[in-house]
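The values are calculated or read from the model by the stated rules, or taken from the named source; none is laboratory data. From a predicted model like this one, the values you see are computed outputs, not experimental measurements. As a convention, Cβ positions derive from the backbone with ideal geometry for all residues, glycine included, and neighbour counts pool all protein chains shown.
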Amino acid sequence: MRNHIRFLIFISLLLLNGNLLFAQRQAGEITKRLNRAGFENIRVFPYGNTVTVSYENSRYRNKATALSEILDSLSGYGYDTLKVITLVKDLPVVITKLSASVWKQYKASQITGIEMARQITISYNTDAVWNTLSNRMSTHPHINKIDIVVYPQVSIMNVQFNRNYEVQLNIAPALEVSLWRGMKFTGQVIFPVVNDYRFGEVGTLIRAGFVTLAQEFRLPGTIQGRAVVGKFNADRYGADMTLTKFLFGGVSYLSANAGYTGMYRYVSSNWYRDDLSTLTWFLKSGYFYKPYDMQLDITAGRYLMGDYGLRGDVTRYWGETSIGFYAMVAGSKFNGGFHFTIPLLPKRNRKNRSFEVRTPYYFDWEYNAGTEFNKGQIYKTRPNE
């Protein structure tokens with residue numbers, strides 16, 4: 001009897017070790033495949049009929065294209081359930097969960113994209129799943145990789161009767177590098193190309209743009225945060241923090257922002273820096289209406305001149321392109337306008353690079369229909385904001 005028990009234990013251990021070795025081998029194969037595809041911060045954890053993967057996309061301009069390639073790669077390894085965590089600066093942002101068979105049916109045109117989307121679970125609460133991956137060493141990390149992103153800057157004014165438009169055009173390359181998880185340094189230089197009179201003498205100078213140190217972080221649940229210090233645009237320097245809570249699988253959100261800044265400006269051939277003295281704050285909420293691919297946002301808060309205001313935005317998306325309209329009131333002044341975003345080439349970057357010179361993924365622009373230059377003004381903290 002004892003010999004039978006020992007034999008069963010021996011067989012069980014052999015099977016267990018065999019399963020572990022098989023899982024480790026498949027994890028290694030998946031890691032190599034995703035690495036060859038150009039993804040970063042790859043972690044793989046196979047367990048039973050489920051495989052969990054984290055990745056960071058710096059390869060494709062379109063995030064959906066990147067996720068699609070990840071799912072294509074995973075669906076061929078025989079697992080029933082796929083769990084994919086999308087990272088930004090090695091921080092978990094969103095988890096996508098679906099059946100491998102559903103993805104295969106969609107790729108074979110047996111079900112529509114709408115039918116497939118109904119069977120996908122998307123959540124910004126990544127805590128439980130991320131705990132199974134966070135202690136694993138990532139493959140192909142993003143840390144210490146340098147991007148030189150060449151941003152175009154275009155400003156147009158129509159406030160004078162004797163000419164139709166005044167134009168400012170700059171080329172503003174920015175060095176962007178991450179030195180640890182969640183961190184990003186940005187150092188930008190602005191080179192003027194065209195500068196009409198209304199934009200002032202400073203527009204003719206080669207000058208610093210954004211020079212910032214930003215740290216992104218996560219709090220328990222679906223709360224994500226970003227803190228940044230440095231030199232911003234709108235002649236501002238100081239500190240800024242934003243907390244965002246995602247709701248209902250990411251279709252809605254609540255956000256709170258606060259900033260404490262001073263002025264840094266060019267006057268009479270000299271640069272001047274004021275003390276930190278200006279407090280701004282904003283509360284923002286939004287909802288994405290899927291049937292029309294429409295984003296609705298409303299913002300209330302305190303602007304740079306101490307005026308309080310309210311702004312509403314409606315934005316319609318067509319793939320990677322969007323156009324929207326806004327209306328606002330600040331300090332009893334009414335204003336409005338439109339904004340748009342268009343994708344820029346290339347659609348994808350080089351694989352496994354440690355240094356890259358590229359254009360930004362998107363160009364966005366906003367038109368202010370009024371002539372109000374004091375009320376309702378606020379700064380930005382990064383070039384692609």
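Let's see how each residue does on (1) of a type in the set (S, T, Y); (2) touching a residue at least 60 places away in the same chain (Cβ under 8 Å); (3) more than 24 Å from M263 (Cα to Cα):
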{"site": "K284", "(1), (2), (3)": "no, no, yes"}
{"site": "G331", "(1), (2), (3)": "no, no, no"}
{"site": "F334", "(1), (2), (3)": "no, no, yes"}
{"site": "K351", "(1), (2), (3)": "no, yes, yes"}
{"site": "F355", "(1), (2), (3)": "no, yes, yes"}
{"site": "R358", "(1), (2), (3)": "no, yes, yes"}
{"site": "A369", "(1), (2), (3)": "no, no, yes"}
{"site": "I378", "(1), (2), (3)": "no, yes, no"}
{"site": "E385", "(1), (2), (3)": "no, no, no"}
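Can you find a residue in the stretch 303-319 that is β-branched (V, I, T), outside any loop (DSSP other than H, G, I, E, B) and under 24 Å from L243 (Cα atoms)? For the stretch 303-319, residues β-branched (V, I, T), outside any loop (DSSP other than H, G, I, E, B) and under 24 Å from L243 (Cα atoms): present. Checked against (1) more than 23 Å from L82 (Cβ to Cβ); (2) buried (at least 17 other Cβ atoms within 10 Å of the Cβ), W130 passes all but a single condition, namely (1).
For the stretch 26-79, a tally of residues being on the phi > 0 side of the Ramachandran plot and either free of Cβ contacts under 8 Å to residues at least 60 places away in the same chain or in a helix (DSSP H, G or I) (or both) returns 2. Residues of the stretch 201-234 that are out of contact with any Gly (no Cβ under 9 Å at 6 or more places or on another chain), of a type outside the set (A, V, I, L, M) and touching a residue at least 60 places away in the same chain (Cβ under 8 Å): E201, P220, G221, Q224. Among the residues of the stretch 45-57, not one is surrounded by fewer than 21 Cβ atoms within 10 Å (Cβ to Cβ), under 16 Å from I85 (Cβ atoms) and among the small types (G, A, S). When the stretch 247-266 is filtered for residues that are aromatic (F, W, Y) and either exposed (fewer than 15 other Cβ atoms within 10 Å of the Cβ) or out of contact with any helix residue (DSSP H, G or I) (no Cβ under 8 Å at 6 or more places or on another chain) (or both), the ones remaining, listed by number, are F248, Y253, Y260, Y264.
Just one of (1) in contact with a Lys or Arg (Cβ under 8 Å, 6 or more places away or on another chain); (2) loosely packed, with under 15 Cβ neighbours inside 10 Å; (3) in a loop (DSSP other than H, G, I, E, B) fails for L279. It is (3). Of the residues making up the stretch 117-148, those that are β-branched (V, I, T) and either touching a Gly at 6+ places or on another chain (Cβ under 9 Å) or assigned to a helix (DSSP H, G or I) (or both) are T121, I122, V129. Kindly indicate the residue of the stretch 326-376 that is of a type in the set (G, A, S) and surrounded by 13 or more Cβ atoms within 10 Å (Cβ to Cβ) and also modelled with the lowest pLDDT among those meeting that condition. So, considering only residues that are of a type in the set (G, A, S) and surrounded by 13 or more Cβ atoms within 10 Å (Cβ to Cβ), the one modelled with the lowest pLDDT is G370. Can you name every residue in the stretch 181-191 that is more than 17 Å from the chain's Cα centre (by Cα) and farther than 17 Å from A234 by Cβ? Within the stretch 181-191, G187, V189, F191 qualify. None of V93, V102 is more than 17 Å from E69 (Cα to Cα), not acidic (D, E), not assigned by TED's automatic domain parsing to the domain that holds T244 and not in a loop (DSSP other than H, G, I, E, B) except V93. Close Cβ contacts (under 6 Å, 6 or more residues apart or on different chains) running from residues in the stretch 163-179 that are farther than 23 Å from H142 by Cβ to residues that are part of a loop (DSSP other than H, G, I, E, B) and of a type in the set (S, T, N, Q) comprise Y165/N158.
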